[in-house]
Amino acid sequence: MAFRTDAEQGLPQEKLRLLRVLTSKRTQLVEIGKRLLAQIKAHGRLGWAEMSGAMDAELRGLADHQIAELEMRVEQTMILADDLATTSGILRSVPGTGPVASTMLIAETPGLGQLSAAKAAALVGLVAIAHDNGAMRGKRAVKGERRQLRHVMFQAALVASHHNPILKTVADRLRAAGKPHKVVITAVASKRVTVANARCKPRRKSANQAA
């Protein structure tokens, strides 16, 4: 019984580590699938489709199958951890935040809801930092280790900048000011992360008060 209790106490952190591995593998497979699709199109233009079509279809089917398996394991992991499932529900209440973005936010920023707005955006790598030396001295660029998460947030921000009324206003204002496309999308992505972080705070505060 003591072993079981210890295992249960360590479960949330274990779930986060597993979630991080699963989401990372899924992203890798999605990228492989994109490259494979580009190759299939190239083979078609070169007239090689008849020769390589069966093999290409088999490889693409394998990638799709593995992605589906990973997504199923991600879903099972979330279901088995009530806290993660609750956080996922909160994140998905943010318009335009789908299952992939919400899961990656949970996996890569486990302190979400306990961070300041600036810290949350910085962790995802959405804060422009000035270069101190070299040819880039004085110029600003986003940095950070969470490249996969940042890519997902950029993709979501691209859609939100045109279809989310509030974020479209932010994007339109920056475009009107002559800001480059990457600056606009980074600002929208940063806003999405700070909103997600803020929405997680009331739940954590209520849980602490109840305790």
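Here is a yes/no grid of residues against (1) in contact with a strand residue (DSSP E or B) (Cβ under 7 Å, 6 or more places away or on another chain); (2) buried (at least 16 other Cβ atoms within 10 Å of the Cβ); (3) modelled with pLDDT of 85 or more:
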residue: PRO12; (1), (2), (3): no, no, no
residue: THR23; (1), (2), (3): no, yes, yes
residue: THR27; (1), (2), (3): no, yes, yes
residue: GLU31; (1), (2), (3): no, no, yes
residue: LYS34; (1), (2), (3): no, no, yes
residue: LEU37; (1), (2), (3): no, no, yes
residue: GLY44; (1), (2), (3): no, no, no
residue: GLU50; (1), (2), (3): no, no, no
residue: ALA54; (1), (2), (3): no, no, no
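Here GLN76 clears all of (1) surrounded by 13 or more Cβ atoms within 10 Å (Cβ to Cβ); (2) part of a helix (DSSP H, G or I) except the condition numbered (1). When residues in the range 164-185 are screened for being buried (at least 20 other Cβ atoms within 10 Å of the Cβ) and more than 16 Å from THR97 (Cα to Cα), 2 of them pass.
A quick yes/no check of all residues on (1) modelled with pLDDT of 90 or more; (2) over 24 Å from LEU19 (Cβ atoms); (3) in the same structural domain as ARG20 (by TED's automatic domain parsing):
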site: VAL100; (1), (2), (3): no, no, no
site: LEU112; (1), (2), (3): no, no, no
site: HIS131; (1), (2), (3): no, yes, no
site: GLY134; (1), (2), (3): no, yes, no
site: MET153; (1), (2), (3): no, no, no
site: ALA171; (1), (2), (3): yes, yes, no
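Here LEU84, LEU19 are screened, and the one residue that is under 21 Å from GLN155 (Cβ atoms), buried (at least 16 other Cβ atoms within 10 Å of the Cβ) and touching a residue at least 40 places away in the same chain (Cβ under 8 Å) is LEU19.
When the residues of the range 153-163 are filtered to those that are closer than 14 Å to VAL193 by Cβ and touching a residue at least 60 places away in the same chain (Cβ under 8 Å), which remaining residue is surrounded by the fewest Cβ atoms within 10 Å (Cβ to Cβ)? The residue in question is ALA156.
The values are calculated or read from the model by the stated rules, or taken from the named source; none is laboratory data. As the structure is a computational prediction, the values presented were derived from the model and not from experiment. No Cβ is skipped: glycine too gets one built from the backbone with ideal geometry, and neighbour counts run over all protein chains shown.
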